[in-house]
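Visitor: Got a structure for you, written out below as structure tokens; questions coming shortly.
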Amino acid sequence: MKKTIFDLLSRKGSSPISMLTAYDYPTARMMNEAGVDMILVGDSLGNVILGYENTLAVTVDDMIHHGKAVCRAAQDAFVVIDMPFMSYQASVEDAVRNAGRILKETGCQAVKLEGGAEYTDRIRAIIQAGIPVVGHIGLTPQSVNTMGGYRVQGKSLKDAQKLLEDAKALEEAGVFAITLECVPEALAQLITERCGVLTIGIGAGRYCDGQVLVYQDMLGYAGNIAPKFVKKYADLHNTMLEAFKQYKIECAERSFPGEEHTFAISEEIIKELRG
Ligand code: KIV
């Protein structure tokens, strides 16, 4: 049965929530079958699927295209779709219109957007339109150029204070969950204790209400390139690479296809055709 916001919120402080990113139908179907609670169609799709250097080039149409495929597969899992760069930053109107498109055209359950107190006007307006919102603070990849790179956030007193204030501001604006990305564990724990909404951590330690990972990272899909906070649950890169290499060899030496992979036709017909 489809999970709702209330199912998820009732688990705050008791039963941790599992969330993974997905961008296509078969992957989302497996996650749904595995019982993963939430699926995020992240704008990380720019890096891990589309081959961009960062998430900035991802469009609302990209998110809708991939979001539709994921939503078709997620019978039970709660689906959140990222609002990409410049789909909400310029105005409240943009934010509501684009969040509306994403929800209406994909059938997802919520949208996620990056930023703290400075975006609460957009968040309030989106929620007022009937669209649940997940916040995202800490490392916010859409601000890579102002942050000067990807690194742990909130380590100084001033920065930690700002993250706490941002989390409270997002809660007051009505989000039901906040993604905490690359935040020191003890700070994420404090935010989790101080906020009544769910905290979903990625590189934010053990005490969040839930965890999220990019699935290519946790499956070892991109080889050994993964941040410190990722646990590798599989080694798909090597498994797939070996399969591709073996296929290339077998094509070259004609050992694939074998007879068992072929379709037969009566010899009479072939004789007739050969003349
Ligand atoms: O885009 C994404 O995949 C995300 C996760 C890193 C939380 O926002």
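Visitor: Assess whether residue 38 counts as being out of contact with any strand residue (DSSP E or B) (no Cβ under 7 Å at 6 or more places or on another chain) and among the hydrophobic types (A, V, I, L, M, F, W, C). Quick ask: steps written out before the conclusion?
Guide: Values: out of contact with any strand residue (DSSP E or B) (no Cβ under 7 Å at 6 or more places or on another chain): no; among the hydrophobic types (A, V, I, L, M, F, W, C): yes.
No, not satisfied.
Visitor: Looking at 130, 154, can you tell me which residue is modelled with pLDDT of 95 or more, open to solvent by 40 Å² or more (accessible area, probe 1.4 Å), out of contact with any Asp or Glu (no Cβ under 7 Å at 6 or more places or on another chain) and not in a helix (DSSP H, G or I)?
Guide: Details: 154 fails: open to solvent by 40 Å² or more (accessible area, probe 1.4 Å).
Only one candidate passes the filter, namely 130.
Visitor: Still on this structure, I have one more. From the list 91, 10, 87, which residue is in the same structural domain as residue 203 (by TED's automatic domain parsing), free of Cβ contacts under 8 Å to residues at least 40 places away in the same chain, out of contact with any Pro (no Cβ under 6 Å at 6 or more places or on another chain) and buried (at least 20 other Cβ atoms within 10 Å of the Cβ)?
Guide: Details: 91 fails: buried (at least 20 other Cβ atoms within 10 Å of the Cβ); 10 fails: buried (at least 20 other Cβ atoms within 10 Å of the Cβ).
It is 87.
Visitor: Continuing with this model, one more query. With the condition kept exactly as written, say whether any residue in the range 67-74 is within 11 Å of the ligand (Cβ to nearest atom) and either of a type in the set (A, V, I, L, M, F, W, C) or in the same structural domain as residue 216 (by TED's automatic domain parsing) (or both). Spell out the reasoning first.
Guide: Filtering the range 67-74 for residues within 11 Å of the ligand (Cβ to nearest atom) gives none.
No, the range 67-74 contains no residue that is within 11 Å of the ligand (Cβ to nearest atom) and either of a type in the set (A, V, I, L, M, F, W, C) or in the same structural domain as residue 216 (by TED's automatic domain parsing) (or both).
Visitor: In the range 26-76, what residues are of a type in the set (D, E, K, R), out of contact with any Pro (no Cβ under 8 Å at 6 or more places or on another chain) and in a helix (DSSP H, G or I)? Can you show your working first?
Guide: Looking only at the range 26-76, we keep the residues that are of a type in the set (D, E, K, R), and these are 29, 33, 37, 43, 53, 61-62, 68, 72, 76.
From what is left, the residues that are out of contact with any Pro (no Cβ under 8 Å at 6 or more places or on another chain) are 29, 33, 37, 53, 61, 68, 72, 76.
The answer is 29, 33, 61, 68, 72.
Visitor: In the range 166-195, which residue that is small (Gly, Ala, Ser) and not in a helix (DSSP H, G or I) is farthest from the ligand (Cβ to nearest atom)? Explain how you work it out, then say what you get.
Guide: Within the range 166-195, the first condition is being small (Gly, Ala, Ser), and the residues that meet it are 167, 169, 173-174, 177, 186, 188.
Narrowing further to those that are not in a helix (DSSP H, G or I): 174, 177.
Working: 174: 20, 177: 11 Å.
Selected residue: 174.
Visitor: Here is a follow-up. For the range 51-66, state whether one or more residues are in contact with a Cys (Cβ under 9 Å, 6 or more places away or on another chain), assigned by TED's automatic domain parsing to the domain that holds residue 219 and at pLDDT 95 or above.
Guide: Let us first name the residues in the range 51-66 that are in contact with a Cys (Cβ under 9 Å, 6 or more places away or on another chain), namely none.
Checked the range 51-66: no residue is in contact with a Cys (Cβ under 9 Å, 6 or more places away or on another chain), assigned by TED's automatic domain parsing to the domain that holds residue 219 and at pLDDT 95 or above.
Visitor: Any idea how many residues of the range 1-36 are touching a helix residue (DSSP H, G or I) at 6+ places or on another chain (Cβ under 7 Å) and within 20 Å of residue 107 (Cα to Cα)? Talk me through it step by step, then tell me what you get.
Guide: Pass one, the range 1-36, residues touching a helix residue (DSSP H, G or I) at 6+ places or on another chain (Cβ under 7 Å): 17, 20-25, 27-29, 32.
So of that shortlist, the ones also within 20 Å of residue 107 (Cα to Cα) come out as 20-25, 27-29, 32.
Qualifying residue count for the region: 10.
Visitor: Of everything in the range 133-151, what is outside any helix (DSSP H, G or I) and touching a residue at least 12 places away in the same chain (Cβ under 8 Å)? Give them in sequence order. Break it down into steps so the answer makes sense when it comes.
Guide: Pass one, the range 133-151, residues outside any helix (DSSP H, G or I): 133-140, 148-151.
Within the range 133-151, 133, 134, 135, 136, 137, 138, 139, 140, 150, 151 qualify.
Visitor: Quick check on the range 185-223: of everything there that is under 20 Å from the mean Cα position of the chain (by Cα) and among the polar types (S, T, N, Q), which residue is farthest from residue 21 (Cα to Cα)?
Guide: For the range 185-223, the residue satisfying everything is 199.
Visitor: If you don't mind, there's one more thing I want to ask. Residue check: is residue 38 open to solvent by less than 20 Å² (accessible area, probe 1.4 Å), under 24 Å from residue 204 (Cβ atoms) and within 12 Å of the ligand (Cβ to nearest atom)?
Guide: Values: open to solvent by less than 20 Å² (accessible area, probe 1.4 Å): yes; under 24 Å from residue 204 (Cβ atoms): yes; within 12 Å of the ligand (Cβ to nearest atom): yes.
In short, yes.
Visitor: Separate question: Take the residues of the range 209-228 that are under 25 Å from residue 164 (Cα atoms) and away from the ligand (no atom under 12 Å from the Cβ): which is most open to solvent (accessible area, probe 1.4 Å)? Before the answer, list the steps.
Guide: Of the residues in the range 209-228, the ones under 25 Å from residue 164 (Cα atoms) are 209-214, 227-228.
Next, from what is left, pick out any that are away from the ligand (no atom under 12 Å from the Cβ): 209, 228.
Values: 209: 12, 228: 202 Å².
By that ranking, first place goes to 228.
The values are calculated or read from the model by the stated rules, or taken from the named source; none is laboratory data. Given the structure is predicted, the values throughout are model-derived calculations rather than measurements. Note: ideal-geometry Cβ built from the backbone for every residue, glycine included; neighbour counts use all protein chains shown. Side chains are part of the model used for accessible areas, which takes the heavy atoms of the whole protein and leaves out ligands, DNA and RNA. Shrake-Rupley method; radii C 1.70, N 1.55, O 1.52, S 1.80 Å.
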